[in-house]
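The values are calculated or read from the model by the stated rules, or taken from the named source; none is laboratory data. Model, not experiment: these values are computed from the prediction. All Cβ positions, glycine included, derive from the backbone under ideal geometry; neighbour counts span all protein chains shown. Remember, those area values only see protein heavy atoms, side chains included, never the ligands or the DNA or RNA. Shrake-Rupley method; radii C 1.70, N 1.55, O 1.52, S 1.80 Å.
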Amino acid sequence: MPASDRLGQTSDILSESLKCAEHPFKVTVIGSGNWGTTISKVVAENAALRPQLFVSRVDMWVFQEQVDGQNLTDIINTKHQNVKYLPNIDLPENLVANPDLLDAVKDADILVFNIPHQFLPRIASQLEGKVKKDARAISCLKGFDVSKDGVRLLSTYIEEKLGITCGALSGANLAPEVAKENWSETTVAYEIPKNFKGEGKDVDHGVLKALFHRPYFHVNVIDDVAGISVAGALKNVVALGCGFVEGLGWGNNASAAIQRVGLGEIIKFGQMFFPHSRVQTYYQESAGVADLITTCSGGRNVRVATAMAKTGKSAEECEKELLNGQSAQGIHTCKEVHEWLAACGKTEEFVLFEAVYQIVYENASMETLPDMIEDLQGVNFKADGEKSE
Ligand SMILES: NC(=O)c1ccc[n+]([C@@H]2O[C@H](COP(=O)([O-])OP(=O)(O)OC[C@H]3O[C@@H](n4cnc5c(N)ncnc54)[C@H](O)[C@@H]3O)[C@@H](O)[C@H]2O)c1
Ligand SMILES: O=P(O)(O)OC[C@H](O)CO
């Protein structure tokens, strides 16, 4: 379908639910990697299409770097492509690459966070006290914040650090496919805050759908921020497990077994540490089992873990060699999850997550994965009060 037809189609799908904003919302995306640039494209397309709701210019904050002797921002703003992180994809001309973080956010009503999550603390510190007090945010990051105080969602981290309400976007969304406008679904989760200013004056579910929904990118908006965030973070750890068995040449059955156990651990983790998350989110939403399947089929975490199995190199080496500056978030998340589970004495209840950590950081043998999963099944059986082998 030509791009112009697709734009028209979007407009039809959303027109009835759309209201005018009193003042159009200014949107800034913080991050310009593989997914950061893709989501910036999505948002800028919608901003151009809906002047009654959004300021046409969308800023995309870029962590500046040189590419062939030129600033990446200059290349993006002239060629309208992010040649390093999303090559060969045309970006809308109303998307402006901005290397100055504080300038990019200064007028923003909606902040879309989209950076590898290990960089969030430094960026959030720079933003403290510098964003509009009534700005709203959406986090597209997949990961957790773990400290001695506990495990926190990244949206909660942003809320507490910046004093603004933050939701999340997560789904079965390999960026290169979304960027090429192949159809996919996603889930946006946002809880309307107590200080909601009213329709047309503030961000609500309709505004978020108008911001993110495209003919090729179908959005379901819910309020279970914890559910979609837990699923999005933990499927990256499971994907590392799938990459190990793929690299060992064990085939699809082995990968399915890892995904089955992984889904169980994701739901258990959510119920144990974020009891307000809803179990049905994990299997009904794109952010749940669908994201697990797509990531375990072809994501960067699988590719890195497969290379580890084939070459014997470390996760960091494989990430560096394969991803050209992109990040496999499972490498960080499995460590964060291990640290949290160890702190609360629960590692034995999440044996797949723990096995992945041991393989990545403690040189444990990948061949031990099946035995560890057997042990887990034994624990589950006994917990259900049934006979254990
Ligand atoms: N790529 C995908 O398919 C995809 C899909 C859905 C969600 N996500 C999630 O979105 C988030 C962002 O992923 P991505 O794919 O856009 O990033 P990426 O993996 O492409 O990482 C590259 C980005 O990191 C930036 N960077 C490097 N060093 C930095 C530093 N010191 N400070 C700040 N930024 C620095 C680079 O400038 C670049 O913009 C992650 O949490 C990821 O899990 C990714
Ligand atoms: O390529 P990955 O493994 O980082 O996964 C990307 C996305 O999270 C898939 O939804």
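Using a cut-off of under 18 Å, list every residue of segment 146-184 whose amide N is near the label point 7 Å from the Cα of Ala343 along the Cα-to-beta-carbon line.
Only 146-161 pass the distance filter.
Run the accessible area of the chain with a 1.4 Å probe and give the carbon-and-sulfur part as a rounded percent.
Whole-percent figure for carbon plus sulfur exposure: 49.
From the C-alpha gyration tensor of segment 227-373, pull out the three semi-axes of the equivalent ellipsoid (sqrt of 5λ each), sorted largest to smallest, in whole Å.
23, 16, 15
Leaving out same-chain residues fewer than 8 places away, which aspartates and glutamates sit with a Cα under 16 Å from that of Lys106?
Lys106 reaches Asp59, Glu128, Asp134.
Could you work out the Rg to Rh ratio of the chain, with Rh taken as the Kirkwood radius (inverse of the mean 1/r over all Cα pairs)?
My calculation puts Rg/Rh at 0.97.
Ile222's amide H: which non-local residues (gap 5+, or another chain) put their own amide H closer than 5 Å, with H modeled 1.01 Å from N in plane and none for Pro or chain starts?
Correct list: Val188, Ala189, Tyr190.
Could you list, bin by bin from short to long, the percent of Cα-Cα pairs of segment 3-223 in 10 Å steps?
8, 36, 39, 15, 2, 0
What do you get for Rg/Rh over segment 125-244 if you use C-alpha atoms and the Kirkwood form of Rh?
0.99
Could you tell me the calculated FRET efficiency between Lys335 and Gln126, based on Cβ-Cβ distance and R0 = 30 angstrom, to the nearest 0.05?
Taking R0 as 30 Å, the efficiency between Lys335 and Gln126 is 0.80.
Each label point is 7 Å from the Cα along the Cα-to-Cβ direction; what then is the distance between the points at Ala256 and Asn71, in nm?
Here the modelled spin labels are 5.3 nm apart.
Show the residues, 5+ positions off or on another chain, whose built amide H is closer than 5 Å to the amide H of Lys142.
Sorted by chain and number, the residues that satisfy this are His117.
A 30 angstrom limit on the alpha carbon distance is what I want to check against. Which of Lys132/Lys346; Lys41/Lys130; Lys180/Lys235; Lys41/Lys346; Lys41/Lys148; Lys41/Lys132 exceed it?
Lys132/Lys346; Lys41/Lys346; Lys41/Lys148
Could you give the length gained on full extension between His276 and Lys180, defined as 0.36 nm per residue of separation minus the Cα-Cα distance, in nm?
Gain in length upon complete extension: 31.0 nm.
Which loop chymotrypsin sites (Phe, Trp or Tyr not before Pro) in segment 138-225, with loop taken from DSSP, have no more than 14 other Cβ atoms within 10 angstrom of their Cβ?
Passing sites in segment 138-225 are Trp183, Phe196.
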